[in-house]
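J.: Handing you this structure, nothing more for now.
Please treat every number below as a calculation from the coordinates, not as lab data. Source: prediction; values computed, not measured. Here the Cβ positions follow ideal geometry from the backbone for every residue, glycine too, while neighbour counts run over all protein chains shown.
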C-alpha cells in the first residue's frame with residue numbers, strides 16, 4: 001500500500017477518535033442552559049468528523065491515476081528512493097532542534113543558539129570551525145539584540161544560574 | 001476614491017512606513033532568491049517581526065513588501081540558476097534560463113523587473129477599482145452567506161488542487177478545520193480537544209503551524225536532496241539594457257497578462273502559479289510563426305508573460321482577502337492570520353472601520369513595486385551573490401529562524417516541540433503528495449467558519465437557514481459542484497482509459 005493510503009487510514013483513525021470525543025464525551029460538561037441552544041460546542045466537530053471519515057474513505061479507495069511519466073524530476077523528492085537521500089542528516093537536525101528547544105531555557109539564548117548553528121553546520125559536513133563559530137556568535141548576538149532591544153521581547157541571554 | 005487614496009498616501013508615506021516597504025522588499029528579494037524558500041515560508045518567518053511592530057498598517061506594508069520581493073527574488077534564481085525559489089516563477093525559467101545561458105542574463109533580469117513592475121502596478125490599479133465595489137456587495141451578506149462563502153472558498157482551493165488531488169486536498173482542508181477546533185471555542189469558552197494540556201488551551205499557534213507546514217519541510221528537503229539547491233556560479237551580469245524594439249514587442253504581452261493574471265489571482269485557490277503557467281501558454285499560442293518557435297529557447301515574450309502574470313495575480317489575491325476576509329492562497333492566509341493577530345479583521349467592514357489600513361496597503365503596493373524596480377535593477381549583480389552562500393551555513397540558519405519565529409510569538413519552548421512534531425508530519429505528508437496549503441487555510445478559516453455557522457444556527461434556531469436563504473443554498477450547491485465535478489471528470493477519464501463503457 002502506498003504511503004498516501006496509509007496516511008488516509010491514519011486520518012480516518014484520527015477522525016474516529018475526534019468524532020468519538022465530539023459525539024460521546026464532550027457534551028457531558030455542558031451546562032444545562034447551553035443545552036437549549038440550537039448549536040453546541042460539539043456540533044461543528046461532529047459534522048467535521050463525519051465529513052472527514054467520508055473523504056478519508058474516498059482517498060483510501062480511489063484507484064491511483066495512471067501517470068504517464070515515471071521519470072524522476074530534478075530536485076523533486078521521490079519517496080521510493082528514500083534511502084538515497086541524506087536521511088540521517090535530516091533526522092540528526094530534527095533531534096538537534098528538539099535539544100535546542102529543551103536547552104533554550106536552562107542554557108540561555110546565546111549559548112544554545114551558537115551551539116545550534118555550529119552543530120547544525122557540523123552535521124551538514126562543515127569542518128571550518130574557525131569560520132563557523134565566529135559567524136554563529138555574531139549572528140546570535142545580533143539577533144538577540146534585535147529581538148530584545150528593538151522588538152522588546154524578553155530573551156534570557158545567559159544560562160539561568162548567571163542571570 | 002480620491003479621498004481614500006490621499007488617506008492611504010498620508011498613512012503610507014511616513015518615513016517609518018517607507019522604510020518598512022524598502023526593508024520588506026529587500027528581505028523578500030534576498031530570501032525569495034534562495035531555492036526552496038517560497039513567499040509563504042518567508043512571510044511566516046517575518047510575521048513575528050511584523051506583529052512586534054504593533055501597528056497593523058506598518059505590519060501589512062512590511063509583509064506585502066516581503067511578498068512582492070519574494071516573487072521577484074524567485075524569478076532571479078529561476079533565470080540565473082534554473083532553480084525557481086517559488087512555484088509561481090517556474091514558468092519564468094522556461095525562457096529566462098535559456099536567455100541567461102546565451103549570455104543575456106542582465107537583459108533577462110531587466111525584463112523580469114519591468115514585467116513584474118508593470119504587472120504589480122496595473123494589478124494595484126485594478127484592485128483599487130474592484131475591491132470597493134466588491135466590498136459594497138459583501139456588506140449585504142449575513143452570517144449564513146459568509147458561512148457558505150467560506151465553504152465555497154475552501155472547496156475552490158481543493159478543486160483547483162489538480163486532477164486526482166481533489167480528495168486529498170479536501171482531506172487536508174478538513175484536517176486544518178479540525179485543528180482549528182482545538183482550544184477554547186468562541187462559542188462557549190469551553191476547552192475542546194485539549195486533553196487536559198494547558199498549552200493547548202488557546203489552540204495551536206498559527207505561526208508555528210505555518211512554519212511547520214512550509215519552512216521546515218522545505219529546509220529538510222534541502223538537507224535530504226542537495227540537488228534541490230542547485231548551486232552555481234552566478235557569474236558576471238552585464239548588459240542590463242533592452243532595446244526599443246524589444247520594449248515594443250513585450251508591451252502588449254504585459255498589457256494582456258496584467259489583466260489576465262489579476263483576474264486569475266482573484267479566484268480562490270488559483271493564484272500566482274496557475275496565472276504564470278496560463279499566461280505563458282496563452283502567449284505562446286497567440287504568438288506567430290518565428291516568435292512561437294522562439295518560446296522555450298529564450299524568448300523575451302515568454303519571459304515577460306509569466307513575470308507579469310504572477311505579479312498581477314499576487315495583487316489580485318488581495319481582493320478576496322481585503323473585501324471578504326477570505327484568503328485565496330496560502331500566502332494570503334498567512335497574511336490574514338497576521339492581521340487577526342494585530343486585531344484587524346479583514347472583510348467588507350475593513351474599508352469602513354479601518355480605511356487607512358486598506359488604502360495604505362494599496363499605496364504601499366505602488367511604492368513597493370517602484371522600490372523593487374529602482375532598488376533591484378542596479379543591485380541585481382550584487383544580490384545574486386547570495387546564491388553563493390554554502391548550504392552548510394544556510395540550512396542551520398533557516399531552521400533557526402523557523403524556531404525563532406514560533407518561539408517569539410509565544411515565549412514558550414513547548415511551542416518548539418510542537419513545531420518539530422508538526423514539521424515531521426508535514427514532511428511525511430509532502431512525501432505522499434498531499435497539498436499543505438489547504439490545511440493552513442482550513443486552520444485559519446476554521447474559527448471564522450464555525451463562528452458564522454453558529455451565528456446562523458442561532459438566528460434561525462437550527463439548520464433552517466440553509467433553506468430560507470436562497471443565496472446560502474446556491475453558494476453551498478456551487479461548493480458541492482466545485483468538489484464533485486473534477487472527481488466526476490477524473491472518473492470518466494479513468495473509465496475511458498480502462499476501456500470500460502460509460503454508464504451515462
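J.: Under the definition of partner shielding as Cβ atoms of other protein chains within 10 Å of a residue Cβ, what is the mean value for peptide A:7-18?
T.: Details: counts 9, 5, 0, 2, 7, 1, 0, 2, 4, 0, 1, 5.
Counting Cβ atoms of other protein chains within 10 Å of each residue's Cβ and averaging gives 3.
J.: Given contacts defined as C-alpha pairs under 8 Å and at least six residues apart, what's the relative contact order of the stretch B:38-137, whole-number percent?
T.: Dividing the mean separation by the residue count of the stretch B:38-137 yields 19 percent.
J.: Okay, next question. What does the convex hull of the alpha-carbon atoms of the stretch A:3-65 project to on average, in nm²?
T.: 4.7
J.: Among A:17, B:90, which comes first, then next, by fewest other beta-carbon atoms within 10 Å?
T.: Ranking A:17, B:90 by Cβ neighbours within 10 Å, fewest first, gives A:17, B:90.
J.: Next question, about the same structure. Peptide A:55-61: average number of partner chain Cβ atoms within 10 Å per residue?
T.: The shielding value for this peptide is 5.
J.: Only helical DSSP H runs with n ≥ 4 go in: add -39500 (n - 2.57) per run for the protein assembly as shown, normalise by residue count and round the 222 nm mean residue ellipticity to 500 deg cm²/dmol. Intermediate results must be reported in sequence, preceding the final value.
T.: Details: 28 runs with 461 residues, N = 667.
Value at 222 nm, helices only, nearest 500: -23000 deg cm²/dmol.
J.: Further question on the same structure: Neighbour counts of other C-beta atoms within 10 Å: give me B:207, B:274, A:88 arranged from fewest to most.
T.: Going from least to most buried by this count: A:88, B:274, B:207.
J.: Something else: Per residue, what volume in Å³ does the Cα convex hull of the protein assembly as shown take up?
T.: 172
J.: Could you calculate the contour length gain from residue B:292 to residue B:136, that is, 0.36 nm times the residue separation minus the distance between their Cα atoms, to one decimal place in nm?
T.: Working: separation 156, 0.36 × 156 = 56.16 nm, distance 4.34 nm.
Stretched out fully, the residue B:292 to residue B:136 stretch lengthens by 51.8 nm.
J.: Rounded to the nearest 10 degrees, what's the angle between the helix B:90-101 long axis and the longest principal axis of chain B, both from Cα atoms, 0 to 90?
T.: 10
J.: How shielded is A:30-42 by partner chains, expressed as the average number of their Cβ atoms within 10 Å of its Cβ atoms?
T.: Details: counts 2, 2, 0, 0, 3, 0, 0, 6, 10, 12, 5, 12, 5.
Mean number of neighbouring Cβ atoms from other chains: 4.
J.: Another question, then. Starting from 0 in steps of 10 Å, tell me what percent of the Cα-Cα pairs of chain B lands in each bin.
T.: 4, 19, 30, 27, 14, 4, 1
J.: Also, quick follow-up: Treat the count of other C-beta atoms within 10 Å as a stand-in for reagent exposure and order A:20, B:280 from fewest to most. Intermediate results must be reported in sequence, preceding the final value.
T.: Working: A:20 12, B:280 27.
By the 10 Å Cβ count, ascending: A:20, B:280.
J.: Given the convex hull over the Cα atoms of the stretch A:87-150, what projected area results after averaging over all orientations, in nm²?
T.: Numbers: hull surface 17.6 nm².
Seen from a random direction, the Cα hull of the stretch A:87-150 projects 4.4 nm² on average.
J.: Here's something else I'd like to know. Given contacts defined as C-alpha pairs under 8 Å and at least six residues apart, what's the relative contact order of the stretch A:87-150, whole-number percent?
T.: Reported as a whole number, the value is 33 percent.
J.: With the contact rule set at Cα under 8 Å and sequence spacing of 6 or more, what percent relative contact order holds for chain B?
T.: 28
J.: So for the stretch B:49-156, considering every pair of alpha-carbon atoms, how many percent are separated by more than 18 Å?
T.: When every Cα pair of the stretch B:49-156 is considered, 66 percent fall beyond 18 Å.
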